[in-house]
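The values are calculated or read from the model by the stated rules, or taken from the named source; none is laboratory data. Since this is a predicted model, take the numbers as computed values, not measurements. Reconstructed Cβ throughout: ideal geometry from the backbone, glycine too, with neighbour counts over all protein chains shown.
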Amino acid sequence: MKLLPFDHAIRNLARSPRRLFLVVGGSTLVSLLVLGAVAFSRGLEASLGASGLATNALLLGTGSEESVERSEISPTTAEALHASVDGIAVHAGRPAIASEIHVALPASLASPEQATTDTASATRATEESPIMVRGYETASSLVHPQVRLKEGRWPSGGASEVAAGPEALARIDGAKLGSTILLAGEPCVVVGVFEAPGTTMHGEFWMPVELLAIITQRSTRSCVIAALGGVDEAGERIDPQVAFDDVEAFTAMRLDLETTAVRESEYYAQLAAFLAPIRMLVLITALLVAFGGALGGINAMYAAFASRVREAGTLQAIGFSRGAIAISLLIESLVACATGALMACLLGRLLLDGIAVRFSMGTFTLAVDSAAIAAGLLAGLSLGVVGGIAPIARCLSLPIPLALRS
């Protein structure tokens, strides 16, 4: 089968700039929406995966295994765990075990007048939005190595001070290092900024657990996090799996504490599975909107190819087969849609990659990685193939005499 020259298909693309713009624009829209949906899903999955460590054991209240925010355990749980399990890691002579409170509190920027008043007279300065606040202990830095102090210092005990992740500050207009914010009506000074890129902690406020317990008026803790991998009496390192088995045995024996042990990585994996319907909903919504954009591109291609019936008849009359003509027209469609897909990938890398998305657990960033780019390219190429089949079939369906007279 003799094929038409490749440059014949390329030159035909410029015959109607307006139609070419519609086809490329439709392909760009479709590819960008699919790319954005995949970037959303990949970013959420990666953020939850990086937030939990497989070497950490997480103790939660029985019945609250799916939400650390709903969990309540005794403040003495951490001490009892440390005294009963030998596999807790030790850093610089300190056991890597921390008792924490996780709670979402309304937050806003305090006015200058509110920053100098007491808690009873503090009122909301602006519309407040709930932000995840973590009450931490000194050992929290040992079980969360992803967190690094970027500016300022960590809050001191007994003072109304907080440290903030960059995305948490971004959610409050005008908040920065040194600002006074209201957390559930309590004025707190931002004395430090920490970073934990790629994790949900990047969008949290941290304050001493005792202060957060006073603000929330609770006498319990949300969880205990313990880093596994300590050493035994002989000085040999205890396998983390063995240490986790000991932690599970501790929760089974201490029924009075009413706790359940899970690996921190498994907890966030379960959370990712719980949020899977939301990720699927985002993808389906993107595909539905992309379908509308695809229809516009298909209509443009249909109009472009339908007006070239005489050209197709002429090419058949001089010896080119319908298959060769169909391949040439398909190349036109693929080149136009591939151009739109490449533009979508470029826009995605420039505009979408790294954008923070806020949800109840903190924040995560859109990840325009190889999978998202591949999905965008595949969507554009699929549009070129599927969208070109019907117009090409219509263009080549007429007999040669009728095509020449059309």
Being part of a helix (DSSP H, G or I) and in contact with a helix residue (DSSP H, G or I) (Cβ under 7 Å, 6 or more places away or on another chain) narrows it down to one residue among SER99, SER31; which is it?
SER31
Quick one: in the stretch 177-192, of everything that is in a loop (DSSP other than H, G, I, E, B) and closer than 13 Å to GLU161 by Cα, which residue is nearest to the chain's Cα centre (by Cα)?
LEU177
With the structure loaded, tell me whether ALA96 is more than 25 Å from GLU258 (Cβ to Cβ) and in contact with a strand residue (DSSP E or B) (Cβ under 8 Å, 6 or more places away or on another chain) or whether it fails that test.
no
For the stretch 63-87, give me each residue that is at pLDDT 90 or above, of a type in the set (Gly, Ala, Ser) and closer than 27 Å to ALA272 by Cβ.
SER71, ALA78
State whether the residues of the stretch 207-214 include one that is modelled with pLDDT under 90 and β-branched (Val, Ile, Thr).
no
Of the residues ALA286, ALA304, only one is in the same structural domain as SER397 (by TED's automatic domain parsing), modelled with pLDDT under 75 and either surrounded by 18 or more Cβ atoms within 10 Å (Cβ to Cβ) or of a type in the set (Lys, Arg) (or both); which?
ALA304
Counting only residues that are surrounded by 19 or more Cβ atoms within 10 Å (Cβ to Cβ) and acidic (Asp, Glu), which one in the stretch 138-169 is modelled with the highest pLDDT?
GLU161
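Assess whether ASP246 counts as being more than 30 Å from GLY388 (Cα to Cα), assigned by TED's automatic domain parsing to the domain that holds VAL68 and surrounded by fewer than 17 Cβ atoms within 10 Å (Cβ to Cβ).
The answer is no for ASP246.
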Those residues of the stretch 328-382 which are basic (Lys, Arg) and within 13 Å of LEU44 (Cβ to Cβ), in sequence order
ARG358
For the stretch 30-45, enumerate the residues that are surrounded by 20 or more Cβ atoms within 10 Å (Cβ to Cβ), out of contact with any strand residue (DSSP E or B) (no Cβ under 6 Å at 6 or more places or on another chain) and either without any contact (Cβ under 8 Å) to a residue 60 or more places away in the chain or of a type outside the set (Lys, Arg) (or both).
VAL30, SER31, LEU32, LEU33, VAL34, LEU35, GLY36, ALA37, VAL38, ALA39, PHE40, SER41
